[in-house]
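Reviewing the structure listed below.
Read-outs: derived from the displayed coordinates by stated rules, not from any lab. All figures in this text were calculated on a predicted structure; none of them were measured in a lab.
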Amino acid sequence: MLNSGRLFILGLWAVGIVTGLVAARAPHLLPVPTPALIVPLAVALVADLALRPSIEAGRIAPITMNERAVGVIGAGLAAVLLLAVLES
């Protein structure tokens, strides 16, 4: 079985990095008030919904709540850290 949890986490961390870069360089492209939190949460929700049929069919392992939390919190931290470094 594919280790979907680790890929989910790595994908969300990548989203956090991209969010931090975009928020630092072109904040007008992110229409949400707190992009470091809202963008990773939205991407996690969409990814979770997209993976649901494969999980139910047994093609990939289910993603645990711990993996979701690590992905979203890590993405938020990455976005905030990049935003702080690039704006200073």
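Compute the angle between helix 65-87 and the longest alpha-carbon principal axis of the chain, please, reported from 0 to 90 degrees and rounded to the nearest 10.
With both axes taken from Cα atoms, the answer is about 20 degrees.
Given H placed 1.01 Å from N in the peptide plane, which residues other than close sequence neighbours of Ile60 have an amide H under 5 Å from its amide H?
Sorted by chain and number, the residues that satisfy this are Ile55.
Go ahead and set up a Gaussian network model of the chain, Cα springs under 10 Å, then flag whichever of Leu12, Leu37, Leu49 fluctuates most.
The residue that fluctuates most here is Leu49.
Divide by every residue of the chain the summed helix terms, -39500 (n - 2.57) for each DSSP H run of at least 4, and state the resulting mean residue ellipticity at 222 nm, rounded to the nearest 500 deg cm²/dmol.
Helices in the chain give a 222 nm mean residue ellipticity of -27000 deg cm²/dmol.
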